[in-house]
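The values are calculated or read from the model by the stated rules, or taken from the named source; none is laboratory data. None of the values given here were measured: they were computed from a predicted structure. Quick reminder, even Gly has a Cβ in these numbers, built from the backbone with ideal geometry, and neighbours come from all protein chains shown. These area figures cover heavy atoms from the full protein model, side chains too; ligands, DNA and RNA do not enter into them. Shrake-Rupley method; radii C 1.70, N 1.55, O 1.52, S 1.80 Å.
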Amino acid sequence: QVQLVESGGGLVQAGGSLRLSCAASGRIGLINVMAWYRQAPGKQRVLVATITSGGSIDYEDSVKGRFTISRDNAKNTVYLQMNSLKPDDTAVYYCNMETPWHDYWGQGTQVTVSS
C-alpha cells in the first residue's frame, strides 16, 4: 500500500522560509509528475508547483521566484522550498504523485504565515 507522508509545515513570520517534504512509501513505481497543491480556508485547492520525471518545472504565478520544487527520484521524495513567505501563503499544503496507474495524495501539512 502506497502512502505519501508530508513534513515541514508550521508557523512562520512573514518573510521567513519553510521547506516541505513528501516521501512515498511502498511500491509506487514510476512517478511521472510530482506536485504541490494548497488549499486556503474557504477556497478551492489550487496547484502550486509541478515537476516531471524529465525535470520540467512549472509554478503558479504568485509563487514564482519565491518557491522552488525539487525531487529525489531515488527516494521517491518531492520538496518545496518556500522563501519570502507571505500571509497569503497560509494554507494546507498537499503533495501529489501521478503514476500511469494511480494518483496519490498526501494527508496535508499546515503552513501558517503571520504578519
Point to revise | Single residue of the range 67-76 satisfying the filter (open to solvent by 10 Å² or more (accessible area, probe 1.4 Å) and under 11 Å from the mean Cα position of the chain (by Cα)) that is nearest to Arg38 (Cα to Cα) | key: Thr68
Revision key, fill the gap. (1) open to solvent by 40 Å² or more (accessible area, probe 1.4 Å); (2) more than 15 Å from Gln81 (Cβ to Cβ) all hold for Val2 apart from (1)
**Study point:** Residue list for the range 98-109, filter: part of a loop (DSSP other than H, G, I, E, B) and open to solvent by 60 Å² or more (accessible area, probe 1.4 Å)
**Key:** Pro100, Trp101, His102, Gln107
Review point. Does Leu85 satisfy the condition of being open to solvent by 50 Å² or more (accessible area, probe 1.4 Å), within 27 Å of Ser115 (Cα to Cα) and out of contact with any helix residue (DSSP H, G or I) (no Cβ under 8 Å at 6 or more places or on another chain)?
Key: no
Check your understanding: When only residues in the range 1-13 that are in a strand (DSSP E or B) and not charged (D, E, K, R) count, which is nearest to Met97 (Cα to Cα)?
Key -> Leu4
Practice item. Return the residue satisfying two criteria in turn: it lies in the range 5-47 and is open to solvent by 60 Å² or more (accessible area, probe 1.4 Å) and of a type in the set (A, V, I, L, M, F, W, C), and of such residues it is farthest from Thr90 (Cα to Cα). Key: Leu30
Review point. Name the pairs: first residue in the range 73-100 and in contact (Cβ under 8 Å) with a residue 40 or more places away in the chain and among the basic types (Lys, Arg), second residue in a helix (DSSP H, G or I) and surrounded by fewer than 18 Cβ atoms within 10 Å (Cβ to Cβ), Cβ to Cβ under 9 Å, at least 6 apart or on different chains?
Key: Lys86/Ser62
Point to revise | Residues of the range 41-61 satisfying the condition of being touching a residue at least 12 places away in the same chain (Cβ under 8 Å) and within 14 Å of the chain's Cα centre (by Cα) | key: Arg45, Val46, Leu47, Val48, Ala49, Thr50, Ile51, Thr52, Ile57, Glu60
Check your understanding: Is at least one residue of the range 48-57 closer than 16 Å to Val5 by Cβ, open to solvent by less than 70 Å² (accessible area, probe 1.4 Å) and in contact with a Phe, Trp or Tyr (Cβ under 7 Å, 6 or more places away or on another chain)?
Key -> no
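What do you reckon, is Gly15 modelled with pLDDT under 95, of a type outside the set (D, E, K, R) and over 15 Å from the mean Cα position of the chain (by Cα)? Walk me through it before giving the result.
On the way: modelled with pLDDT under 95: no; of a type outside the set (D, E, K, R): yes; over 15 Å from the mean Cα position of the chain (by Cα): yes.
Spelling it out, it is not the case that Gly15 is modelled with pLDDT under 95, of a type outside the set (D, E, K, R) and over 15 Å from the mean Cα position of the chain (by Cα).
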